[in-house]
Amino acid sequence: MLTEPLSALTARTLQACGATTSLDVAGGMEVVSPLTGETVASVTPQSAADAEAAVSRAAVAFRHWRMVPGPRRGELVRLFAEELRASKEDLGRMVSIEAGKSPSEGAGEVQEMIDICDFAVGLSRQLYGLTIATERPGHRMMETWHPLGVVGIITAFNFPCAPWCWNAALALVCGDPVVWKPSEKTPLTALACQAVFERAVERFGDDAPEGLSQVLVGGPALGEVLTDSPSVALISATGSTRMGRIVGPRVAERFGRCILELGGNNAGIVCPSADLDMALRAIAFGAMGTAGQRCTTMRRLFVHENIYDQIVPALQKAYASVSVGNPLETQALVGPLIDGAAFEAMQDALGEARALGGRVHGGARESVGPESAFYVKPALVEMPEQAGPVLRETFAPILYVMTYSDFDDVLEAHNAVGGGLSSSIFTTDLREMELFLSARGSDCGIANVNIGTSGAEIGGAFGGEKETGGGRESGSDAWRAYMRRATNTINYSRELPLAQGVVFDID
Ligand code: NAD
């Protein structure tokens with residue numbers, strides 16, 4: 001049991017990170033913890049004018065930061081990683097308070113920030129281009145990469161800090177200032193991150209201009225300022241497909257660059273040769289972990305008809321016995337839903353599934369917290385076919401289970417939804433595995449074998465296709481989106497040969 005009120009724990013945690021807040025800000029925006037449904041703080045929301053001013057400050061900062069050498073920019077990110085290590089426990093607790101995650105998952109999210117910072121520090125010495133063969137004698141052709149400009153980062157409630165850092169750590173070493181609009185449901189974690197970042201800036205010294213990293217507290221209207229501002233070179237927006245449908249076209253309208261990280265409808269396939277014990281554990285974490293509120297949560301499961309009676313009863317047992325409760329007070333594996341709207345959406349989806357002949361196991365509200373908090377038993381739904389709510393993302397712990405008999409058919413069913421984020425196959429059959437990973441296999445940005453759909457590492461590029469938005473951030477060569485590429489051709493000869501043999505001789 002907590003020995004102090006949640007609001008006091010919140011204030012203490014924020015203070016430990018270097019940020020301050022209050023319970024009672026006049027005209028403030030209330031921050032509600034899903035753990036108890038109580039208001040734990042209130043923060044002053046910013047206006048559209050504040051957002052515009054932040055973008056202007058960032059644009060000025062860019063003029064200085066782009067000229068600081070890459071490895072020196074990396075030094076700031078290295079210092080930030082040190083500060084994150086020192087504040088890992090506090091930031092992790094802030095994530096638990098605001099998003100309802102277990103301490104282990106909260107700490108894991110901060111660890112992801114540390115990991116991407118370490119990656120970015122190395123990257124700061126590797127922002128290199130190519131030397132390319134040229135058809136013209138006495139010429140050299142090459143590619144150079146330059147800082148892009150201000151990066152606007154919009155993030156979702158369910159990962160209150162890691163996606164910011166996936167973007168910010170790369171943007172900063174690439175020479176770009178960042179302006180962050182976190183979810184209006186989780187502003188405190190953002191303010192805490194900003195305070196930790198400022199500690200790194202203080203140690204770094206004068207090379208870091210004012211406005212290098214800023215946070216905008218408020219609702220979608222502030223995100224719209226970033227979206228529409230011609231001074232924001234790149235928008236990286238994480239959230240629902242609904243939000244992406246608004247942001248994407250608006251950024252395109254002004255020819256801005258956009259990384260969209262949107263919703264998924266992730267599936268697993270369990271084949272006859274699968275290691276069933278391993279599959280069971282991977283599915284349980286993928287579908288019930290973080291109370292089904294990960295973009296990569298497993299939402300659909302296709303089980304081969306020959307093993308359906310082995311794995312589905314075992315899953316039902318796991319679902320019935322999983323512990324649900326306040327993860328700061330108990331060892332519960334499943335925490336709360338973010339709010340009442342999420343609970344309603346879950347119940348609506350289960351109602352639709354029932355009407356289509358689905359057999360629902362679980363899904364009811366659990367009386368393990370106050371009336372104002374929304375704890376539910378995760379739901380396993382045996383569906384006769386892939387229809388209705390199975391075709392869309394409901395951001396709650398619902399796993400729809402279906403059978404299959406033919407491998408080609410299941411590949412088709414797997415891909416027959418709008419989301420294209422993450423996917424898994426459980427098999428020890430080499431042919432099935434390779435087909436799943438092949439051009440006619442999973443059409444998702446993430447395709448895994450014998451592990452679940454969630455829990456990606458920072459080393460790979462993260463993102464998905466179709467209604468997930470097509471963006472990539474984090475590892476691999478995702479850094480290129482944060483820089484502009486120039487192709488340079490240098491003539492060191494005494495002639496002027498034209499490409500493609502074109503002749504244009506003047507007297
Ligand atoms: P949301 O779309 O409601 O909000 C996300 C962010 O977008 C918030 O900061 C919000 O203020 C902002 N926003 C909303 N409308 C906007 C507009 N018109 N212009 C500019 N900004 C706007 O999403 P949510 O409920 O916070 O998060 C859950 C969703 O996010 C799920 O669909 C989940 O799959 C998705 N998600 C995706 C990823 C990914 O990497 N693909 C990661 C986490 C969450």
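The values are calculated or read from the model by the stated rules, or taken from the named source; none is laboratory data. All values derive from a computational prediction rather than experimental measurement. Backbone-built Cβ (ideal geometry, glycine too); neighbour counts: all protein chains shown.
Examine the range 400-416 for a residue that is in contact with a helix residue (DSSP H, G or I) (Cβ under 9 Å, 6 or more places away or on another chain), within 14 Å of the ligand (Cβ to nearest atom) and in the same structural domain as S273 (by the TED database), and state whether such a residue exists.
Among the residues of the range 400-416, not one is in contact with a helix residue (DSSP H, G or I) (Cβ under 9 Å, 6 or more places away or on another chain), within 14 Å of the ligand (Cβ to nearest atom) and in the same structural domain as S273 (by the TED database), which makes the answer no.
Name the residues in the range 28-51 that are buried (at least 22 other Cβ atoms within 10 Å of the Cβ) and of a type in the set (A, V, I, L, M, F, W, C), would you?
Selection gives V31, L35, V40, A41, A51.
Surrounded by 19 or more Cβ atoms within 10 Å (Cβ to Cβ) and either at pLDDT 95 or above or touching a Pro at 6+ places or on another chain (Cβ under 9 Å) (or both): is that true of R472 in this structure?
Yes: the conditions hold for R472.
Rundown of residues vs (1) in the same structural domain as A396 (by the TED database); (2) at negative phi; (3) touching a helix residue (DSSP H, G or I) at 6+ places or on another chain (Cβ under 9 Å); (4) crowded, with 22+ Cβ neighbours inside 10 Å, yes/no style:
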{"residue": "A16", "(1), (2), (3), (4)": "no, yes, yes, no"}
{"residue": "A26", "(1), (2), (3), (4)": "no, yes, no, no"}
{"residue": "A53", "(1), (2), (3), (4)": "no, yes, no, no"}
{"residue": "F62", "(1), (2), (3), (4)": "no, yes, no, yes"}
{"residue": "L76", "(1), (2), (3), (4)": "no, yes, yes, yes"}
{"residue": "L79", "(1), (2), (3), (4)": "no, yes, yes, no"}
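Any residue that is more than 16 Å from the ligand (Cβ to nearest atom), in contact (Cβ under 8 Å) with a residue 60 or more places away in the chain and over 22 Å from D115 (Cα atoms) - is there at least one of those in the range 191-202?
no
If I ask for residues that are crowded, with 23+ Cβ neighbours inside 10 Å, assigned to a loop (DSSP other than H, G, I, E, B) and touching a residue at least 60 places away in the same chain (Cβ under 8 Å), which ones from the range 428-454 would you list?
C444, G452, T453, S454, listed by residue number.
Farther than 19 Å from V173 by Cα, outside the structural domain of T296 (by the TED database) and buried (at least 18 other Cβ atoms within 10 Å of the Cβ): is that true of G218 in this structure?
yes
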